[in-house]
Amino acid sequence: MKLETHAVTKRYGAHAALDGASFATGDSARVIALLGPSGGGKSTLLRVLGCLLVPDEGHVSIDARTLPHDEDGALTERRGNGFVFQGYNLFPHLTALQNITLPLKEVHGMSESEAAQRALELLHRLGLESHEHKRPSQLSGGQQQRAAIARALAPKPRLLLLDEPTSALDPVMTGEVLDVIRELAEAGQSIILATHEISFARKVADWVVFLAAGKVQESSSAAQFFTKPQTELAQQYLEGLSKYR
Amino acid sequence: MLLVLVSAAAYALFASVHYRWNWSGVWKYRQQFGIGWLTTLGISLAAMLMSVLFGFVLMLGRRARWEPVRMFSGAVVEIVRGSPLLVQLLVGYYIVANALRIDMPLLVGLLLLGAFHAAYLAEIFRGAVESIGASQLEAARAVGFDRQQTYRFVIIPQALRRALPGTTGQLVSLLKDSSLLSVIGIEELVQKVKIMNSASYTALEGYVPLALAYLVVTLPLSHLARRLEGRFAYET
């Protein structure tokens, strides 16, 4: 897919989380990594790309189709996407299984049995068999995040958006979750991933958008970004992150 | 166990005061007492249902997107909560209902009582709803829920548990506040006891069964609420 933004601005009060961010990917980008220092606008850009937020100014287009700015249009668009958050954000009053089946039934019109079948298939694929009937509080962080990924994948989204999916996890659980994301990427899923795991991004991403201070500093193919970053900021960022690993 | 201890202590206290009990005078009025109890119970249950429904609507009103609705709901809550129930009953019945030619003290009484407690419940509900974190609301948007589905599947099930303890307390208050309805001529339990005391020349005998008659309702209510809380219990 070709992802493009034109002067996207999103303000929270006086603070502009995105300040005229513009970039365009190549025509066949499939796994796009949003990189950059914290507070640089990665999470906000991810939400704008997924129609979870509507920008104050500017617009986004995917394969030359401009994303809607009205609430109804954005809702329809969101229903075609899957989201995974840093804090998992599962519904705590529902079991892992119900977290997946409820949106399938209520939003995507599946029957109870279809939804349960799809949910179980995913839970098993992500290594959560025997945890279906547990509430989120009874699962480890890594298990919760895998359940959240299952919830996001269940309606077969065109686009899977992940916002720092491993930032709240310890190294072992981070490994579990990254394995899952890598398998998805290899299986052909379109993904936008905001992350600090640059060695992981280097393995799976084919395009990198580097953000700092609400602006896109660099947008280039992953091969180019990781071997020859164009801006000084990106060079410093990569050096800083790879110092101890 | 606690109940036995409290009863024993109460008995000892009552025994140490030299009051000559005259239970036979009161016993004659047991039927009136029963009628009063049923009146209190009937009005209170109806007012409870009404207060929960109306309180829910007021809470939604205070969170409405359209500003006039928010302002109106806010004003209703502040005025009803900020003025005495006694005044609301007197004005509501003798002025408003009279002007509208509504001569049904029971109906007017339960509406006013229900509305009074609805204002408090609206704020208990609002506190519970607004305690649901932004990340839950974002998750609801992310899975594609619209506003109504977000309330139904995410906000209300989680807010219910948080609102339960406060709601139970409010409903117990409502039951006891029903005694004020005597000012608009409703012979509920307290009024019956007052009549009984003056008719049988007793002072306190009616009030002990009165307290018990309230406890018979409020204790099971609290118990039910605790069981419900247990059923909705989950770690967040």
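Data for the structure
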{"quantity": "Filter result for the condition that a residue is crowded, with 21+ Cβ neighbours inside 10 Å and more than 14 Å from chain A (Cβ to nearest Cβ), over B:E130, B:E188, B:E123", "calculated": "B:E188"}
{"quantity": "Selected residue [modelled with pLDDT of 90 or more and under 20 Å from B:V108 (Cα atoms)] from B:G42, B:G74, B:G36, B:G61", "calculated": "B:G42"}
{"quantity": "Residues (touching a residue at least 12 places away in the same chain (Cβ under 8 Å), of a type in the set (S, T, N, Q) and out of contact with any strand residue (DSSP E or B) (no Cβ under 7 Å at 6 or more places or on another chain)) located in the range A:83-137", "calculated": "A:N89, A:T95, A:N99, A:T101, A:S137"}
{"quantity": "Within the range B:87-141, tally of residues that are over 30 Å from A:A74 (Cβ atoms) and of a type in the set (G, A, S)", "calculated": "9"}
{"quantity": "Long-range neighbours under 7 Å by Cβ, at least six apart or interchain, first residue outside the structural domain of A:Q144 (by TED's automatic domain parsing) within the range A:164-180, second of a type in the set (F, W, Y) and at pLDDT 90 or above", "calculated": "A:L178/A:F200"}
{"quantity": "Boolean, A:L46 is within 12 Å of another protein chain (Cβ to nearest Cβ), touching a Phe, Trp or Tyr at 6+ places or on another chain (Cβ under 9 Å) and under 27 Å from A:E186 (Cα atoms)", "calculated": "yes"}
{"quantity": "Qualifying residue in the range B:60-75 (condition: under 18 Å from the mean Cα position of the chain (by Cα) and among the hydroxyl-bearing types (S, T, Y))", "calculated": "no"}
{"quantity": "Qualifying positions in the range A:89-98 - more than 9 Å from every other protein chain (Cβ to nearest Cβ) and touching a helix residue (DSSP H, G or I) at 6+ places or on another chain (Cβ under 6 Å)", "calculated": "A:A96, A:L97"}
{"quantity": "Residue count for the range A:142-179, restricted to those that are more than 14 Å from chain B (Cβ to nearest Cβ), of a type in the set (S, T, N, Q) and not in a loop (DSSP other than H, G, I, E, B)", "calculated": "2"}
{"quantity": "Selected residue (criterion: surrounded by the most Cβ atoms within 10 Å (Cβ to Cβ)) from residues of the range B:138-168 that are at the interface with chain A (Cβ under 7 Å from one of its Cβ atoms), modelled with pLDDT of 95 or more and assigned to a helix (DSSP H, G or I)", "calculated": "B:A142"}
{"quantity": "Residue check for A:A24: closer than 30 Å to A:K203 by Cα, at pLDDT below 95, surrounded by fewer than 20 Cβ atoms within 10 Å (Cβ to Cβ) and more than 14 Å from every other protein chain (Cβ to nearest Cβ)", "calculated": "yes"}
{"quantity": "Pair list, Cβ < 6 Å and 6+ apart or interchain, from the range B:27-41 residues that are more than 8 Å from B:L189 (Cα to Cα) to residues that are surrounded by 17 or more Cβ atoms within 10 Å (Cβ to Cβ)", "calculated": "B:Y29/B:M196; B:Q32/B:K192"}
{"quantity": "Matching helices (runs of 4 or more DSSP H) fully within the range B:22-121 where at least 1 residues are touching a helix residue (DSSP H, G or I) at 6+ places or on another chain (Cβ under 8 Å) and within 30 Å of B:E205 (Cβ to Cβ)", "calculated": "B:23-27, B:30-62, B:85-90"}
{"quantity": "Test: A:T174 is over 15 Å from B:Q136 (Cα atoms), at pLDDT 95 or above and crowded, with 18+ Cβ neighbours inside 10 Å", "calculated": "no"}
{"quantity": "Condition met for A:E129 (more than 10 Å from chain B (Cβ to nearest Cβ), charged (D, E, K, R) and either buried (at least 18 other Cβ atoms within 10 Å of the Cβ) or not in a loop (DSSP other than H, G, I, E, B) (or both))", "calculated": "no"}
{"quantity": "Residue within the range B:1-8 that is surrounded by 11 or more Cβ atoms within 10 Å (Cβ to Cβ) and assigned to a helix (DSSP H, G or I) present", "calculated": "no"}
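The values are calculated or read from the model by the stated rules, or taken from the named source; none is laboratory data. From a predicted model like this one, the values you see are computed outputs, not experimental measurements. Glycine also receives a Cβ, built like all others from the backbone with ideal geometry; neighbour counts cover every protein chain displayed.
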